[in-house]
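The values are calculated or read from the model by the stated rules, or taken from the named source; none is laboratory data. Just so you know, these numbers come straight off a predicted model, no measurement behind them. Here Cβ is always computed from backbone atoms with ideal geometry, including for glycine, and neighbour counts include all displayed protein chains. Heavy atoms of the whole protein, side chains included, go into the accessibility calculation; ligands, DNA and RNA do not. Shrake-Rupley method; radii C 1.70, N 1.55, O 1.52, S 1.80 Å.
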Amino acid sequence: MFRSLAVRNYRIWASGAIVSNVGTWMQRTAQDWIVLTQLTRHNATAVGVVLAFQFAPQVLLLPVTGLAADRLNRRRLLMASQSAMAAFSLALGLLTVTGAVRLWQVYVFAFLFGSAAAFDSPARQTFVAELVEGPDLSNALALNTTSFNAARTIGPAVAGVLIAAVGTGWVFVINAASYVAVLGSLFLIRVAELHLSDRRPRTAGDLAAGFRYVLRRPDLKAMLLMFFLVGTFGANFQIFVPTMSVSVFHRGAGAYGLLSSFMAVGSVCGALLAARRENPRITLVLAATAIFAVGLGAGALAPTYLLFALALVIVGVASPTFTTSTFSLVQLSTDPAMRGRVVAIMLAVGLGGTPIGAPLTGMVGDAYGPRWAVAVGAASGVAALGVGVYYVVRYRQLRVRLEGARIRVSLSDPAELGGVAEGRTAGDGPGGPAGGAPGGVATESAGRS
């Protein structure tokens, strides 16, 4: 489960990332709380607008962010993006501590954070392949997700205590300080031990090459559409959790942070289970999508705070399993020279839909109540599951049969089907051209998003 930690460079990176990730979740909790309770009167739409500004750059800057991850030195690019986010967090913290913060300023800083993260995310995801190679890469990608979700267990709970004790401004300041850990790890990494891939010469079609590559791949198209549906309408936890906590169960900051920690407990379990699998498969993605939909459906109907918290544990298990498996499958089945652009497209699809989904989800919550907003998330999981089932039926020749009292599911190897594996090369990554099957995924890896 932890085999990739034997690699020195990855171990140093992961150590710095866990500290930084705790700060990330503290900031997210404080940002949502200040908008919902201090700058507005429990306005879920305003929280959705903040998310829209935060994730819009993933789409707006897509033509250059993936290309930057493929062409520039990823370690130096990460140093620049992480330093920028530390500066933005400090500035927002000082405005809040001095009492000068206004809602429009939170919008501006959300957009600035999002712009830096648009460059940071594809570089961070693909940087893992420079730290770890071979069969341990999938494990490293999954452990990145584990780190992020372990921090989700700690960060919101700590943020809830700090908000009550010293206020939201100091949470932002502490987050700025946490960036020192990940920047220090980048300085300590031994550059000579990085597994650098050859950079192809730049050509006139570089920006469009990633889109053409994806369009030739039915497996990637299916994964991206599923990722879009779940990311746009299903993963708006920054709206679901605080509005249910405040408006339905009438709880304070500490209880809100505790709900996020409940969800994170499930997320850590899901991410660790994903880390055990060397080659994630499409069937795991489909199972995680189904559980995600069921968990949110149960949350929408939960009559008490405790039952809602338990539903979040289920969602917490399913969400990183879906994300990690999908990211891993996409990266492991993609030509290394195209990896940065494909990951940037994936992030833009999954996170860039937030400017559409988050405000709409917030408006549904304001108009019909938070439970209906959660129900929208459950419906997105059902729709994503439909896309995945359509793909395996049409392109992977899904077969379901009974053997005694057991149900057996079998899929054809994509290499045996004409056109499905088009675009892969022999050097696509561990496990062969597709690691055994298309359709797995990495997730929010160590670092900021």
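Key figures
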| quantity | calculated |
| --- | --- |
| Top-ranked residue of segment 25-67 - restricted to ones that are β-branched (Val, Ile, Thr), in a helix (DSSP H, G or I) and surrounded by fewer than 24 Cβ atoms within 10 Å (Cβ to Cβ), ranked as farthest from the chain's Cα centre (by Cα) | Thr37 |
| Contacts under 9 angstrom Cβ, first residue in segment 334-354 being closer than 15 Å to Phe55 by Cβ, partner among the charged types (D, E, K, R), 6 or more apart | Ala344/Asp70 |
| Residue among Leu94, Leu77, Leu62, Leu67 that is closer than 15 Å to Phe172 by Cα and hydrophobic (A, V, I, L, M, F, W, C) | Leu94 |
| Any hit, segment 228-245, residues being touching a Lys or Arg at 6+ places or on another chain (Cβ under 8 Å), part of a helix (DSSP H, G or I) and open to solvent by 10 Å² or more (accessible area, probe 1.4 Å) | yes |
| The lone exception for Gly257 - which of (1) at pLDDT below 75; (2) open to solvent by 20 Å² or more (accessible area, probe 1.4 Å); (3) of a type in the set (Gly, Ala, Ser) it fails | (2) |
| Tabulated pairs, segment 42-67, first at positive phi, second in a helix (DSSP H, G or I) and hydrophobic (A, V, I, L, M, F, W, C), C-beta under 7 angstrom, 6+ apart or interchain | His42/Leu36; His42/Val246 |
| Residue among Ala84, Ala80 that alone is at pLDDT 90 or above, more than 21 Å from Thr29 (Cβ to Cβ) and in contact with a Ser or Thr (Cβ under 9 Å, 6 or more places away or on another chain) | Ala84 |
| Hits in segment 117-159 (condition: under 18 Å from Ser89 (Cβ atoms) and open to solvent by 10 Å² or more (accessible area, probe 1.4 Å)) | Phe119, Arg152, Ile154, Val158 |
| Test: residue in segment 15-24 that is open to solvent by less than 50 Å² (accessible area, probe 1.4 Å), under 26 Å from Thr354 (Cα atoms), aliphatic (A, V, I, L, M) and in contact with a His (Cβ under 8 Å, 6 or more places away or on another chain) | no |
| Flag if Leu112 is open to solvent by 30 Å² or more (accessible area, probe 1.4 Å) and either touching a helix residue (DSSP H, G or I) at 6+ places or on another chain (Cβ under 9 Å) or modelled with pLDDT under 90 (or both) | yes |
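Residues checked against (1) within 22 Å of Arg75 (Cβ to Cβ); (2) modelled with pLDDT under 75:
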{"site": "Asp120", "(1), (2)": "yes, no"}
{"site": "Ala129", "(1), (2)": "yes, no"}
{"site": "Pro135", "(1), (2)": "no, yes"}
{"site": "Ala150", "(1), (2)": "no, yes"}
{"site": "Thr153", "(1), (2)": "no, yes"}
{"site": "Pro156", "(1), (2)": "no, no"}
{"site": "Gly167", "(1), (2)": "no, no"}
{"site": "Ile174", "(1), (2)": "no, no"}
{"site": "Leu186", "(1), (2)": "yes, no"}
